[in-house]
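First the structure, in the form of structure tokens, and then the observations on it.
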Amino acid sequence: MLTRRLALALGLLLAAAGGGSRAALAAPERITLDWAYYNPVSLVLKQQGWLEEALKPDGIEVRWVQSLGSNKALEFLNAGSLDFGSTAGAAALLGKINGNPIRTVWVYSQPEWTALVTRPDTGIAKVEDLKGKRVAATKGTDPYIFLLRALEAHGLAQRDISLVLLQHDQGRLALERGDVDAWAGLDPIMADVEIAKGYPLFYRDPAANSFGVLNVREAFAAANPALVQKVLRVYERGRQWALANPQALVELLSTSAKL
């Protein structure tokens, strides 16, 4: 049987543990999410203010930070600068394998957002033509993984090309300047060079594009499961709006990206 002293000690420990749990589950004063051109749903939420509206009764502020690529979103998540960050599914997997403490909690799109792009004057018409050529890509992103898969599927490897590591927008500029011969592109800037400049997408494979996913820091998800669910409900509202309003989505994306 428990002695009175042991029972009292146990009661104090349980009380302390209960107090600690309540403190851990206290809602944060602010959450930080990313917005990105490759995640049009994030643009919808940022414009409409639905998340701010949903979290206002809880006294939670919403802060938006731009991600220029999956690699940047993963960096921000790893550093604790983001609570929610959008990436390609393949990039999230690589991040997780490399120790980034994230959890993928939602899929926002099944895109074809990457292809291999060149200028009309390079003579490049197929993947095999990349041998010995300079190719720009953003390491750790879906276009980079797409490039490696394309090379492998056509009997080449990374060592057969001169890989130039640049952020997506800089890859486009390098292609335009002639600093590289090809680029593993990303929409919407890839679509812009295709339409405005007539640059050919010489290799496409929709099945080799991974899904667009939303990730959350594991510690944040563990401490705030109800808040994560609330954010996802608003995200789903944005996804449904995007599906129902394709022309308005196009206009929002083109305005945001200044294309």
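Here are some notes:
- Of the criteria (1) open to solvent by 50 Å² or more (accessible area, probe 1.4 Å); (2) touching a residue at least 60 places away in the same chain (Cβ under 8 Å), which one ASP181 fails: (1)
- Among the residues of this structure, GLY140 counts as one that is in contact with a helix residue (DSSP H, G or I) (Cβ under 8 Å, 6 or more places away or on another chain), open to solvent by 10 Å² or more (accessible area, probe 1.4 Å) and either modelled with pLDDT of 95 or more or among the small types (Gly, Ala, Ser) (or both).
- Check on GLU194, over 19 Å from LEU259 (Cβ atoms), of a type in the set (Asp, Glu) and not in a loop (DSSP other than H, G, I, E, B): no
- Some residue of region 218-226 being in a helix (DSSP H, G or I) and closer than 14 Å to ALA54 by Cβ: yes
- Count of residues meeting criterion [of a type in the set (Lys, Arg) and open to solvent by 60 Å² or more (accessible area, probe 1.4 Å)] in region 210-254: 3
- Test: GLU61 is closer than 20 Å to TRP241 by Cβ, modelled with pLDDT of 95 or more, out of contact with any Cys (no Cβ under 8 Å at 6 or more places or on another chain) and not small (Gly, Ala, Ser): no
- ARG159 meets the conditions (1) surrounded by 14 or more Cβ atoms within 10 Å (Cβ to Cβ); (2) more than 14 Å from the chain's Cα centre (by Cα) in every case but one. The failed one is (1).
- Test: residue in region 102-113 that is small (Gly, Ala, Ser) and over 21 Å from VAL44 (Cα atoms): no
- Single residue of region 151-191 satisfying the filter (of a type in the set (Asp, Glu) and part of a helix (DSSP H, G or I)) that is farthest from SER70 (Cα to Cα): ASP160
- Of the residues examined, GLN66 is one that is under 20 Å from ASP169 (Cβ atoms) and more than 10 Å from the chain's Cα centre (by Cα).
The values are calculated or read from the model by the stated rules, or taken from the named source; none is laboratory data. All values reported here derive from a predicted model rather than from experimental measurement. Cβ: placed from backbone, ideal geometry, glycine included. Neighbour counts: every protein chain shown. Accessible surface is based on the protein model in full, side chains and every heavy atom, while ligands, DNA and RNA are left aside. Shrake-Rupley method; radii C 1.70, N 1.55, O 1.52, S 1.80 Å.
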